[in-house]
Structures are given as C-alpha cells and as structure tokens.
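Presented below is the structure to which this report refers.
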Amino acid sequence: MITHRIIAETKEGFWVQGDANNVRDEKPVKSDAVIGKVVLILPGVGRAAIFFRSPRGIMILASIVLVTAILTCRRREEEERWKQ
C-alpha cells in the first residue's frame with residue numbers, strides 16, 4: 001500500500017503524485033484500486049511503531065505493562081484494606 005495525493009480525476013482514473021515526487025505517476029489509478037483516504041497525520045508515530053518492534057522497544061513496553069499491572073494490583077489491595 002502507498003499513500004499518494006490525487007491531483008486530477010479523468011475517465012481513466014485518478015492521476016496521483018507522492019509528496020516527495022516532483023512528477024505525477026506514469027499511469028492513472030483506477031477508482032476501484034483506491035481503498036482509503038488520509039484523514040489524520042501523526043508525525044513520528046511510524047518511528048515509534050518501528051522502535052517498539054525492536055528488542056529494546058519490546059523490553060521497554062513489557063516493563064511498562066508489568067509496572068502498571070503491579071501498581072494497579074497494589075492500589076486495589078489498598079482500596080480493599082480501606083473498605084474494611
């Protein structure tokens with residue numbers, strides 16, 4: 001999948017161009033090949049996703065989940081003590 005900007009619509013389909021390209025693509029894209037529309041851009045999210053797939057990122061993410069689980073359990077135990 002790729003994301004390109006539609007720059008023109010013709011009977012043959014859509015003429016598209018990538019933002020990093022200075023010319024449009026060689027062939028138009030047929031309308032049935034368009035599967036979505038960009039509605040939100042979050043800069044840096046892709047880099048974060050790539051990082052969290054690395055061994056270091058997985059370890060950090062697992063540590064965050066583990067610490068959160070431990071703190072949640074302790075908090076519930078404290079709440080139970082106060083109810084008694």
| Which residue pairs have Cβ atoms closer than 8 Å, lie 6 or more positions apart in sequence or on different chains, and pair a first residue in the range 1-25 that is exposed (fewer than 10 other Cβ atoms within 10 Å of the Cβ) and at pLDDT below 95 with a second residue that is among the β-branched types (Val, Ile, Thr) and part of a loop (DSSP other than H, G, I, E, B)? | Met1/Ile35
| query | Could we say that Gly57 is touching a helix residue (DSSP H, G or I) at 6+ places or on another chain (Cβ under 6 Å), surrounded by 10 or more Cβ atoms within 10 Å (Cβ to Cβ) and not hydroxyl-bearing (Ser, Thr, Tyr) here? | reply | yes
| task | Test Glu80 against the criterion of being acidic (Asp, Glu), free of Cβ contacts under 8 Å to residues at least 12 places away in the same chain and not in a helix (DSSP H, G or I), and give yes or no. | result | no
| query | Across the range 15-30, what is the total count of residues that are among the hydrophobic types (A, V, I, L, M, F, W, C) and farther than 20 Å from Ile41 by Cβ? | reply | 3
| remark: Apart from one, (1) in a loop (DSSP other than H, G, I, E, B); (2) under 19 Å from the mean Cα position of the chain (by Cα) all hold for Asn22; the odd one out is (2)
| request: Residue by residue through the range 33-52, note down the ones that are in a helix (DSSP H, G or I) and touching a strand residue (DSSP E or B) at 6+ places or on another chain (Cβ under 9 Å). | output: Ala33
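The values are calculated or read from the model by the stated rules, or taken from the named source; none is laboratory data. Quantities reported herein were computed from a predicted structural model and do not represent experimental measurements. Positions of Cβ are generated from backbone atoms using ideal geometry, with glycine treated the same way; all protein chains shown enter the neighbour counts.
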